[in-house]
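Here is the structure we will look at, set down as structure tokens.
The values are calculated or read from the model by the stated rules, or taken from the named source; none is laboratory data. Computed from a predicted structure; not experimentally measured. A quick note on method: Cβ atoms are made from the backbone with ideal geometry, for glycine too, and the neighbour counts reach across all protein chains shown.
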Amino acid sequence: MQYPNVLFDLDGTLTDPKAGITKSVQYALTHWGIEVADPDTLIPYIGPPLASSFREIHSFSERDSVLAVEKYREYYQDRGIYENELYDGIHELLEALKGQGRRLFVATSKPTVFAVEVLKHFGIDAYFEYVCGSHLDGTLSDKAEIIAKVIEKFSLRKEESIMIGDRKHDIIGAQKNGIDSVAVGFGYGSEEELTAIRPTYHVQTVEELRALFEGHSEFF
């Protein structure tokens, strides 16, 4: 069986977290008097480590980016975490993959404690053997490091492992670890972003993702 070890990103891959994340960022920015009328303009925050996004998108200093993450969590941990939706077909996909005997893992830049809560909220936590996320202090937030930790912890054979994600960070993380990747077009990475980074596979829907693991080739 090809790819008996399957690593999933969380935000933008298993669930659609747009409302919760953008509202949490919107809330955090008000601490600096930055009012964002349209939360959709904050979509670029979905996926990458938060502190780096505050630095890159709003030019925050290192100190302010750390404080911004703290402010973000004031909203997120009580409300934003539940302003989230499971993508259609994910339950069926995970059930099919487990039925094929594959080992499933989550590799996310979201803090582990929040990732576990999201998986439990949607009733999909039992599908995953291990959830590896970042630490609350901001360490272990680089996707390549997170993927490496999963591979090392379970002594996974790289040629038998694949990473699934919706942003370039997921694909780059896989490439740095020498494993194959699937870019999903239903998340928050643009077509240009995902095409430029050259994933092993590129699918547009959950159905196409399932077809890949069922050995169907008509989508590729």
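Against the numbered list (1) touching a helix residue (DSSP H, G or I) at 6+ places or on another chain (Cβ under 8 Å); (2) within 18 Å of residue 117 (Cβ to Cβ); (3) not assigned by TED's automatic domain parsing to the domain that holds residue 172, residue 34 comes up short only at (2). Look at (1) crowded, with 19+ Cβ neighbours inside 10 Å; (2) modelled with pLDDT of 95 or more; (3) not β-branched (Val, Ile, Thr) and you find that residue 144 fails only one, number (1). Would you confirm whether any residue within region 32-41 is modelled with pLDDT under 95, out of contact with any Lys or Arg (no Cβ under 7 Å at 6 or more places or on another chain) and in a helix (DSSP H, G or I)? Within region 32-41, one or more residues are modelled with pLDDT under 95, out of contact with any Lys or Arg (no Cβ under 7 Å at 6 or more places or on another chain) and in a helix (DSSP H, G or I). Of all positions in region 150-161, none carries a residue that is closer than 27 Å to residue 72 by Cβ and either polar (S, T, N, Q) or in a strand (DSSP E or B) (or both).
If you go through region 164-220 and keep only what is within 21 Å of residue 87 (Cα to Cα), outside any loop (DSSP other than H, G, I, E, B) and of a type in the set (Lys, Arg), you end up with 168, 210.
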